[in-house]
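**Q** Got a structure for you, questions after.
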Amino acid sequence: RTHPHRPRALRQLMRKVKESPTPVVNNGPQRKWMQLRCGNAPLRRVAWYDNCPDSALDKLLRTACRIGIETEYLLCEKGGLPLAVSSSLPTAQTYELVPTVRRASALEVAKAAEAGLSVPGADAVVVVDPVSTGAVVAHQAVHRMGLQVICVWSESIPEELKGFVAHGMGISHAGVLSHEVGEVAKTAAAVRAIGANVVACIVGCETGVSLGDALAEALQLPGNGTLKSGLRRNKYAQAEAVRSAGLEAPFQMQVDSIEGVEAFLAAWSPSPYRAVVKPVEGAGSDGVSICDSRDGATSTREIMPSSCRA
């Protein structure tokens with residue numbers, strides 16, 4: 001007796017058998033291939049056999065892209081996702097081979113700096129006028145943070161001040177540049193030409209404040225910008241900026257002549273008498289006089305530069 005549903009079930013079974021993939025008979029290692037993108041070079045095609053050692057595939061990729069054994073790399077699929085280098089990778093795919101740079105340790109950078117050598121793979125910081133406390137900052141950048149230091153001398157720093165570095169704080173720089181007035185773009189280009197990966201530009205001494213702002217901006221690094229550089233250098237402008245913000249600021253006048261000094265003293269008669277005379281631009285207490293009498297304030301003008309603040 002024939003079952004009424006058997007013909008339909010048989011047809012369904014036959015259809016499933018027909019639609020199922022034909023089993024692959026494994027007669028040996030499967031040959032695979034991939035296309036490699038290496039930077040701007042044309043695509044390269046390489047082939048390998050499944051189950052070959054991963055080290056053999058690694059050597060093949062390095063040879064195809066001319067990457068030395070000392071350089072690490074990532075093999076990335078579309079979208080940038082890194083993959084493990086393995087012979088089990090699927091065939092007929094396109095990957096990008098991206099060399100990576102190993103970051104040098106602080107110890108490696110410090111030893112190289114002592115030997116006057118640069119370190120491939122180490123980040124660098126530009127220090128403008130690395131003297132006094134700036135020399136300490138540069139020393140710590142090398143020995144604590146593993147950064148190379150590029151020294152840039154501003155046009156404002158006196159030659160005799162360049163040696164103002166405490167004992168034990170001296171380092172060998174990855175580069176030493178001297179800035180020329182009005183040539184920020186030229187100095188920035190010289191920094192780039194050193195070839196280091198510059199991650200910051202900082203100021204080591206007050207003489208380098210204006211250049212530090214301009215150079216950081218030219219190198220597209222974080223910084224204060226140049227819009228208000230004058231306020232960071234000019235003591236008179238600093239105090240007036242504080243006053244314009246609605247905060248308390250000292251009574252002051254910027255003068256460049258004895259008549260200006262006399263005008264200020266005529267309007268300023270505190271009791272007890274106290275006045276401060278200082279350069280508009282300077283560092284520390286250089287050129288600063290604290291006067292407790294009118295005669296003391298007027299006599300100070302003889303040792304002050306032409307542009308002063310009282």
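**Q** Once you've got the Cα coordinates, tell me which of Lys186/Lys278; Lys111/Lys228; Lys162/Lys235; Lys186/Lys228; Lys111/Lys162; Lys162/Lys278 are over 31 Å apart.
**A** Violating the 31 Å limit, Cα to Cα: Lys186/Lys278; Lys111/Lys228.
**Q** Assuming a ≥ b ≥ c are the square roots of the Cα gyration tensor eigenvalues, decide whether the stretch 115-212 counts as rounded (a/c under 1.5), prolate (otherwise, with a/b larger than b/c) or oblate.
**A** Judged from the Cα gyration tensor, the stretch 115-212 comes out oblate (a/c at least 1.5, b/c at or above a/b).
**Q** Tally up the carbon and sulfur contribution to the accessible surface of the stretch 110-227 as a whole percent, 1.4 Å probe, everything protein left in place.
**A** 54
**Q** Give, as a single signed number, the net charge of other residues whose beta carbon lies under 13 Å from the beta carbon of Cys201, with Lys and Arg counted +1 and Asp and Glu -1. Could the numbers behind the result be given before it?
**A** Values: positive: Arg192; negative: Asp123, Asp129, Asp213, Glu217.
Spelling it out: positives minus negatives among the neighbours equals -3.
**Q** When the solvent-accessible surface of protein heavy atoms is calculated with a 1.4 angstrom probe, in what order do Ile171, Ile202 fall, highest first?
**A** Putting Ile171, Ile202 in descending order of accessible area: Ile202, Ile171.
**Q** Please list, or write none, the aspartates and glutamates whose alpha carbon is within less than 18 Å of the alpha carbon of Lys78, excluding same-chain residues fewer than 8 places away.
**A** Glu96
**Q** Which percent of the accessible heavy-atom area of the stretch 45-90 goes to carbon and sulfur, probe 1.4 angstrom?
**A** 55
**Q** For the stretch 214-252, which GluC sites (Glu not before Pro) pass both filters: DSSP loop (anything but H, G, I, E, B) and at most 13 other C-beta atoms within 10 Å?
**A** Qualifying residues, ordered by number: Glu248.
**Q** Same structure again: Skip the ligands, DNA and RNA, and give the accessible area per residue of the stretch 190-298 with a 1.4 Å probe, whole Å².
**A** 56
**Q** Continuing with this model, one more query. Could you give the length gained on full extension between Thr63 and Ala41, defined as 0.36 nm per residue of separation minus the Cα-Cα distance, in nm?
**A** 6.5 nm
**Q** So what's the gap between the Cα centers of the stretch 126-151 and the stretch 219-278, to the nearest angstrom?
**A** Here the two parts' Cα centres lie 31 Å apart.
**Q** To the nearest 10 Å², what's Met145's accessible area with a 1.4 Å probe?
**A** Result for Met145: roughly 120 Å² accessible.
The values are calculated or read from the model by the stated rules, or taken from the named source; none is laboratory data. Fair warning: this is a prediction, and the values are worked out from it, not measured in the lab. As a convention, Cβ positions derive from the backbone with ideal geometry for all residues, glycine included, and neighbour counts pool all protein chains shown. What goes into the accessible areas is simple: the full protein's heavy atoms, side chains included, and nothing from ligands, DNA or RNA. Shrake-Rupley method; radii C 1.70, N 1.55, O 1.52, S 1.80 Å.
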